[in-house]
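The values are calculated or read from the model by the stated rules, or taken from the named source; none is laboratory data. Computed from a predicted structure; not experimentally measured. Methodologically, a virtual Cβ is constructed for each residue, glycine included, from the backbone with ideal geometry; neighbour enumeration extends over all protein chains shown. We work out accessible area using only protein heavy atoms, side chains counted, and drop any ligands, DNA or RNA first. Shrake-Rupley method; radii C 1.70, N 1.55, O 1.52, S 1.80 Å.
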Amino acid sequence: MRAARGSFQIGSFRGIPVRVHFSLLLVLPLFAFLFGGAFRRAAEVAEVPPERLGGSPVLWGLVVAVGLFASVFIHELAHTVYALRRGGTVRSITLMMVGGVSELTEAPPRPRDEALMAAVGPLTSILLAVLLGGATWLLQEVRSFNLQFAFFYMASLNLFLGVFNLLPAFPMDGGRIVRASLAGRLGMVRATQVASWLGRGFAVLFGVWAVLSLNPFLVVIAFFIFMGAQAEAQQVRMKMTLERVPVADLMTPRRVGVDAGASLEQALWDLRRARLLLLPVTEDERPVGQVSLETVRAVPDSERMTRTAREVMVPAVVVRLDEDGWTALRRMAEEEMPQLVVVEADGVLAGTLDVNDVQRGMALYQAREQRSGQQERRWRQERPA
């Protein structure tokens, strides 16, 4: 899966990028204000004298807000570490306004491992709550009310984070545990459909609760759960279909690309004639790169006759004819390339593959399967006669 748009990298863990979505930066001041209000109310209820309050409540609220998202990062890190140990592949970790997400390009192969991978995140949050609660108890002799309440509040937020994520609202962790428990009996596609229906049901309940309690943040969570459950179900169906379809059935056949030694003027003509934004660059019928219409147009007219396609091409992402469609689509997303170059066993150019090819091929394949199923049912009905 491609990284969420609007995110930027702040670090890495074992080569896995750690990103922050811009929505997190937007919501941090709001959280700081809300948590600062909690500090004020707690001080009033506890009848804490003013001299025991050090610093601005909003500043302490900001500290708690940053600590909350640090806890979310630890939560996601637990998922990542377990996934890596069980043979999964994690593309990135992204922190957003509604929490975090570990983007897996390959999940652990066994349903049991997926269930445990989902469970370690909430359990880690609950463990953090216990540790922070213990720190609150140890700080009883400290005269700083703010510090004690910050640890107590962080412990409460982590406890809520852990318990809330265990709700069976797919694609949250609890919903993934439900799917993994059903996958052995129903199969991955059917188990995902059931978990998706359950997740969307919880999303509706959250939405109703949000309206009754006038909680706008809960509306956002309900929306993300509903859309995430639907998208996850569609992705699993796509994966199961494309794993059965070879690239040869999806690609656009193409035996000729832009010659590596051709001028950019010729490359521009080839792109316009093919009515494409991207074409493979070939040498001895083998792809060596790709050239885009945008790149060629960026070169001044006076230089296009003297410069060659080799000078402006970008590396090509190659896929073989016998590979399956899901592998190709995943590679397209990982490399962030709009088009793959398809080659035969000996490396000769066979065609190109883009998202439109995949969608068209999937539609044709599913229509063919549907017709085949209808014919089989009709044959079964007519057979007694």
>> Residue under question is Ala316, and the condition is that it be open to solvent by less than 40 Å² (accessible area, probe 1.4 Å), assigned to a loop (DSSP other than H, G, I, E, B) and aliphatic (A, V, I, L, M); does it hold?
In response: yes
>> Could you go through the range 152-166 and let me know if any residue there is at pLDDT below 90, open to solvent by less than 30 Å² (accessible area, probe 1.4 Å), farther than 23 Å from Ala222 by Cα and of a type in the set (A, V, I, L, M).
In response: no
> Given the residues Ser102, Ser56, which is the only one that is hydroxyl-bearing (Ser, Thr, Tyr), free of Cβ contacts under 8 Å to residues at least 60 places away in the same chain and farther than 23 Å from Pro122 by Cα?
Replying inline: Ser56
>> Under 7 Å between Cβ atoms, which residue pairs at least 6 apart in sequence (or on different chains) link something in the range 163-175 that is in contact (Cβ under 8 Å) with a residue 12 or more places away in the chain with a partner that is among the aromatic types (Phe, Trp, Tyr) and open to solvent by 30 Å² or more (accessible area, probe 1.4 Å)?
In response: Leu167/Phe202; Ala169/Phe202
>> Looking at Phe145, Phe149, Phe170 in this structure, which one is open to solvent by less than 10 Å² (accessible area, probe 1.4 Å), on the phi < 0 side of the Ramachandran plot and of a type in the set (Phe, Trp, Tyr)?
In response: Phe170
>> open to solvent by less than 30 Å² (accessible area, probe 1.4 Å) and basic (Lys, Arg): is that true of Arg304 in this structure?
In response: yes
> Limited to the range 328-348, what total is found for residues that are without any contact (Cβ under 8 Å) to a residue 40 or more places away in the chain and part of a helix (DSSP H, G or I)?
Replying inline: 3
>> Report every pair of residues separated by at least 6 positions or lying on different chains whose Cβ atoms are under 6 Å apart, first residue within the range 27-38 and closer than 15 Å to Asn146 by Cα, second assigned to a helix (DSSP H, G or I) and open to solvent by 10 Å² or more (accessible area, probe 1.4 Å).
In response: Ala32/Val58; Ala32/Leu62; Gly36/Pro57; Gly36/Val58
> Does Glu47 satisfy the criteria of being acidic (Asp, Glu) and open to solvent by 50 Å² or more (accessible area, probe 1.4 Å)?
Replying inline: yes
>> Just to be sure I understand, how many residues within the range 270-301 are over 26 Å from Gly347 (Cβ atoms) and either open to solvent by 20 Å² or more (accessible area, probe 1.4 Å) or aromatic (Phe, Trp, Tyr) (or both)?
In response: 7
> From the set of residues in the range 83-98 that are open to solvent by less than 40 Å² (accessible area, probe 1.4 Å) and without any contact (Cβ under 8 Å) to a residue 60 or more places away in the chain, which is nearest to Ile177 (Cα to Cα)?
Replying inline: Ala83
